[in-house]
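The values are calculated or read from the model by the stated rules, or taken from the named source; none is laboratory data. Keep in mind the model is a prediction, meaning the values are calculated, not measured. No Cβ is skipped: glycine too gets one built from the backbone with ideal geometry, and neighbour counts run over all protein chains shown.
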Amino acid sequence: MNISLYQYPLTVVLAVGFLLLTWVVFRFAGSKVVRVLGSWKAGALCMAVLVPFVMIEGTWRTALHHSTLFIVTVMAFLLCLGLSVMTKLRGGLRHNSHARNFVITHVGVYLMIGSSFWGAPDVTEAEISVSAQKGYNIASCDGHAMILPFTLKLDEFTIDMYEDGVSPRQYTSVIMVCDTTSGAKPVKVTTSVNHPGYYMGYKMYQASFDCAEEAGSVITIVRDPWMPLVYAGMIMLLAGILLIFSTHWRFKVLLPSILILTVAFTVASLARINFSILKPTLNSVWFVPHVMIYMVAYSAMAVSVVLAIADCLRRGKAAGAETKAGILSESLIRVSSALLLAGMLCGCFWAERAWGRYWGWDPKECWAAVTWLLTLIYIHLAPLRTRHGKMLLALLLIAFLAIQVTWYGVYYLPSNTGSIHSYASGQ
């Protein structure tokens, strides 16, 4: 199934129709059906099906996200999210802070994934080489020629070098853009790495430069009309994450160990990067929060794993007994899952500013999503912890193993060739 066959306005009709279908199921299918389809079990099942798809794509760069089964699973996941939110809304939110946080986070996930899913066919991404000799309006899009509604002519191109005179710190292009449909006067648009230019709903990203053919500058042209909805979902998720912190970050005794691990993980993670000569893409305001949030998330999960093992050993002696270690471990994994999402969102904001796409199915992106999904499955299965503690501990260990792959294991995967996260030897 090729989702690119569908484009606006059909994509909007499909998105609205799916939302209406969800409401019809909620309203007329019966309470038992709604409870089953909108339950935490259904959500955990959908995420469990998605995990191997994303894992395989992140390991071998196979485009499984275009497969029929993946698309059906995403639609099932959206149906589950929609029904669960509607159920919470029917119960009322006025005096229930947990329900409010539930709705905020789940609506955020719905908007982010739903807008990305239904809006994917409407995203335009093309590359064009421009020079000062003449205007260009033919770009390359997925190996095909694409005629732009405007021409681009390079007015000025500069490369800011580091002190070594070889390594580029920043590329900047000043482009004369002329609308070919209205005959309006040309306007100047400036774009540099992490600072896109804007014109007629299009964004222009400084991709590279090409002196061999006297092109001067290579520009990526991106148009994504669904981006506001995606951003709305991301902002709602960040708000939900803040509420999660206020509920679960109540264990001051563990803060020193998490801080020590954070420092150690940060040093190990940044050891591969030469800070004296950073890639232009790394000169971003999102660099520090993206890395630091992930390091705190990794540290919180490491402590959570230790506590979960202690809890499992304790339960072996007193089956069914609630332990302090188990309570702290569950709170930590919730905080870690929220931080993993926050770190991923920072990466999405960064990627959108640098390359024009907040998600590119890069191996590190995929494995970060795998780790987050595994923690979400663990959280959704929390009601089973008393009877199936060992099973949940095994799932938590798998999630922690996925973190190791995300952190440094991706550099050894077949998919790492050409990864945007290969910073150690960057230009």
Criterion (part of a helix (DSSP H, G or I), among the β-branched types (Val, Ile, Thr), farther than 30 Å from TYR412 by Cα and in contact (Cβ under 8 Å) with a residue 24 or more places away in the chain) met by exactly one of VAL85, VAL74: VAL85
Residues of the range 321-343 classified as in contact (Cβ under 8 Å) with a residue 40 or more places away in the chain and within 21 Å of the chain's Cα centre (by Cα), total: 10
Test set (1) within 26 Å of SER419 (Cβ to Cβ); (2) in contact (Cβ under 8 Å) with a residue 60 or more places away in the chain; (3) surrounded by fewer than 17 Cβ atoms within 10 Å (Cβ to Cβ) - HIS65 fails condition number: (3)
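Yes/no per residue for (1) hydroxyl-bearing (Ser, Thr, Tyr); (2) more than 18 Å from HIS106 (Cα to Cα):
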residue	(1), (2)
LEU10	no, yes
SER31	yes, yes
VAL34	no, no
LEU37	no, no
MET55	no, yes
GLY58	no, yes
Search result, residues across the range 272-315 that are in a loop (DSSP other than H, G, I, E, B) and either among the basic types (Lys, Arg) or in contact with a Ser or Thr (Cβ under 8 Å, 6 or more places away or on another chain) (or both): ARG272, ILE277, LYS279
Residue in the range 224-240 that is free of Cβ contacts under 8 Å to residues at least 60 places away in the same chain and over 21 Å from ALA120 (Cβ atoms) present: no
Selection within the range 369-390 - modelled with pLDDT of 90 or more and assigned to a helix (DSSP H, G or I): ALA369, VAL370, THR371, TRP372, LEU373, LEU374, THR375, LEU376, ILE377, TYR378, ILE379, HIS380
Tally, over the range 343-359, of residues that are in a helix (DSSP H, G or I) and of a type in the set (D, E, K, R): 2
Number of the exception - LEU254 against (1) at pLDDT below 75; (2) over 24 Å from the mean Cα position of the chain (by Cα); (3) surrounded by fewer than 17 Cβ atoms within 10 Å (Cβ to Cβ): (3)
The range 142-168, residues that are surrounded by 14 or more Cβ atoms within 10 Å (Cβ to Cβ) and either at pLDDT below 90 or on the phi > 0 side of the Ramachandran plot (or both): SER167, PRO168
Residue pairs meeting the criteria (Cβ under 7 Å; at least 6 apart or on separate chains; first crowded, with 21+ Cβ neighbours inside 10 Å, in the range 278-303; second of a type in the set (Ser, Thr, Tyr) and part of a loop (DSSP other than H, G, I, E, B)): none
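Yes or no, residue by residue, for (1) free of Cβ contacts under 8 Å to residues at least 12 places away in the same chain; (2) surrounded by fewer than 16 Cβ atoms within 10 Å (Cβ to Cβ):
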position: GLY360; (1), (2): no, yes
position: GLU365; (1), (2): no, no
position: ALA369; (1), (2): no, no
position: HIS380; (1), (2): no, no
position: MET391; (1), (2): yes, yes
position: TRP407; (1), (2): no, no
position: LEU413; (1), (2): no, no
The range 169-209, subset farther than 19 Å from ILE420 by Cβ and charged (D, E, K, R), residue surrounded by the most Cβ atoms within 10 Å (Cβ to Cβ): ASP179
Residue match in the range 71-94 (condition: closer than 28 Å to TYR8 by Cα and surrounded by fewer than 14 Cβ atoms within 10 Å (Cβ to Cβ)): yes
Those residues of the range 167-191 which are free of Cβ contacts under 8 Å to residues at least 40 places away in the same chain and within 33 Å of the chain's Cα centre (by Cα), in sequence order: THR172, VAL174, VAL177, LYS188, VAL189, THR190, THR191
The range 114-166 - residue that is among the acidic types (Asp, Glu) and within 31 Å of the chain's Cα centre (by Cα) and, of those, farthest from ALA76 (Cα to Cα): ASP160
Selection status of SER269, of a type outside the set (A, V, I, L, M, F, W, C), at pLDDT below 90, farther than 30 Å from THR181 by Cα and within 20 Å of the chain's Cα centre (by Cα): yes
